[in-house]
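Engineer: Quick one: this structure, given as structure tokens, is what I'll be asking you about.
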Amino acid sequence: MSRKPLLEWLMAGFGATLTLGTLAVVASDISVSQGDPPPRLAIAAEAPQPDGQGSFLVRFTVTNAAPATAAQVTVEGVLSEGERVLETSRAVLDYVPRGSSARGGLWFRQDPAGRLTLRATGYAEP
């Protein structure tokens, strides 16, 4: 009996084990993700920075603490003074993976320091 057929059998077994293991992981991920809760999005803003062209940039980070992924996440920033809305800005983040975060920014004509509220207004399921 030559060594070549034995080596071929060993490699075939290794390949089959690797393939079956991959399929098992994918199948378990699919079965777990079907009952996922909606994304839990939290937004943290950085301090406003002048952009050198008369506007102010507010960079933010959206963190998704849920096991569900969110796509097309719309973030809205509202600059207000009391009950009066002075300015609104929106940004759409393409993808916020589960258990991860994504960054973006909003521009305002007025300095939003201390008068800004950020919130997620919508998402799509990928």
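Engineer: Tally time: how many residues in region 112-126 are open to solvent by less than 70 Å² (accessible area, probe 1.4 Å) and part of a loop (DSSP other than H, G, I, E, B)?
Structural biologist: 3
Engineer: Also: Might you let me know whether region 22-35 holds any residue that is modelled with pLDDT of 90 or more, outside the structural domain of Gly77 (by TED's automatic domain parsing), of a type outside the set (A, V, I, L, M) and surrounded by 10 or more Cβ atoms within 10 Å (Cβ to Cβ)?
Structural biologist: Looking through region 22-35, at least one residue is modelled with pLDDT of 90 or more, outside the structural domain of Gly77 (by TED's automatic domain parsing), of a type outside the set (A, V, I, L, M) and surrounded by 10 or more Cβ atoms within 10 Å (Cβ to Cβ).
Engineer: Checking Leu57 against (1) of a type in the set (A, V, I, L, M); (2) open to solvent by 20 Å² or more (accessible area, probe 1.4 Å); (3) not in a strand (DSSP E or B): exactly one of these is not met. Which one?
Structural biologist: Condition (3) is where Leu57 drops out.
Engineer: Just one of (1) within 13 Å of the chain's Cα centre (by Cα); (2) open to solvent by 30 Å² or more (accessible area, probe 1.4 Å) trips up Pro50, so point out which.
Structural biologist: (1)
Engineer: Mind checking which pairs have a first residue in region 95-123 that is in contact (Cβ under 8 Å) with a residue 60 or more places away in the chain and of a type in the set (Ser, Thr, Tyr) and a second that is in a strand (DSSP E or B) and open to solvent by 70 Å² or more (accessible area, probe 1.4 Å), Cβ under 8 Å, 6 or more apart or different chains?
Structural biologist: So the pair list comes out as Tyr123/Gln72.
Engineer: Quick one: what pairs do we get from region 64-83, first residue touching a residue at least 12 places away in the same chain (Cβ under 8 Å), second in a strand (DSSP E or B) and of a type in the set (Ser, Thr, Tyr), C-beta under 6 Å, 6+ apart or different chains?
Structural biologist: Matching pairs, first to second residue: Ala70/Tyr123; Ala71/Tyr95; Val73/Tyr123; Thr74/Thr121; Glu76/Thr121; Gly77/Ser89; Val78/Thr88; Val78/Thr117.
The values are calculated or read from the model by the stated rules, or taken from the named source; none is laboratory data. Predicted model, so just to flag it, every value in this text is computed and none were measured. Ideal geometry is used to build each Cβ from the backbone, glycine not excepted, and the neighbour counts take in all protein chains shown. Only protein heavy atoms, including side chains, enter the accessible area calculation; ligands, DNA and RNA are left aside. Shrake-Rupley method; radii C 1.70, N 1.55, O 1.52, S 1.80 Å.
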